[in-house]
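Following: one structure in structure tokens, then a few remarks.
Each value in this text was obtained by applying a stated rule to the coordinates, not by laboratory testing. Just so we're clear, the structure is a prediction, and the values are computed from it rather than from any experiment. Neighbour counts run over all protein chains shown; Cβ positions are idealised from the backbone, glycine included.
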Amino acid sequence: MVITREIKSVTKHALAAVVSVMIISGCASNGTPIPAPQSEAALLFADKCGECHAVPHPARHSADDWPHYVALMEQRMRERDIALLSEAQRQLILSYLSEYGR
């Protein structure tokens, strides 16, 4: 009987976590497709940034602000032991964000 209650509790918490992530992810993106979605830069941006959160539209921030946010995300990657961007990847993503930032 105790095991059944524990399983129900774990299931309830897991379901709450999944729903929360879905809600947060939905709110994190404005639903507008990113520019040039099939370009190498856009694919890399979506792949790397989408590992942890919904992919933000490049126009969410200005070209001048994006380097700060990329550095912030790299710090979070370090904290979570996620493979960091190579210098080439960082430059390609920043170039993409600079081109399409507001």
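Observations
- Between 61, 86, 75, the Cα set farthest toward the positive side of the dipole of the range 34-102 (charges on each charged residue's Cβ, about the Cα centre) is that of 61.
- Here 79, 99 are placed in order of increasing Cβ neighbour count within 10 Å, fewest first, which gives 79, 99.
- Cα→Cβ-extended label distance, 7 Å offset, between residue 79 and residue 63, nm: 3.0 nm
- A simple spin-label model places pseudo-atoms 7 Å from Cα toward Cβ; at residue 72 and residue 53 they are separated by 0.7 nm.
- Calculated from backbone phi, Karplus (6.51, -1.76, 1.60) coupling profile of the range 88-93 in Hz, x at Gly/Pro: 5, 5, 4, 5, 5, 5
- Extension gain for the segment residue 87 to residue 40, taken as residue separation times 0.36 nm less the Cα-Cα distance, is 15.4 nm to one decimal.
- Computed over Cα pairs, the Kirkwood radius of the range 34-102 leads via Stokes-Einstein (0.890 mPa s, 25 °C) to a diffusion coefficient of 205 µm² per second.
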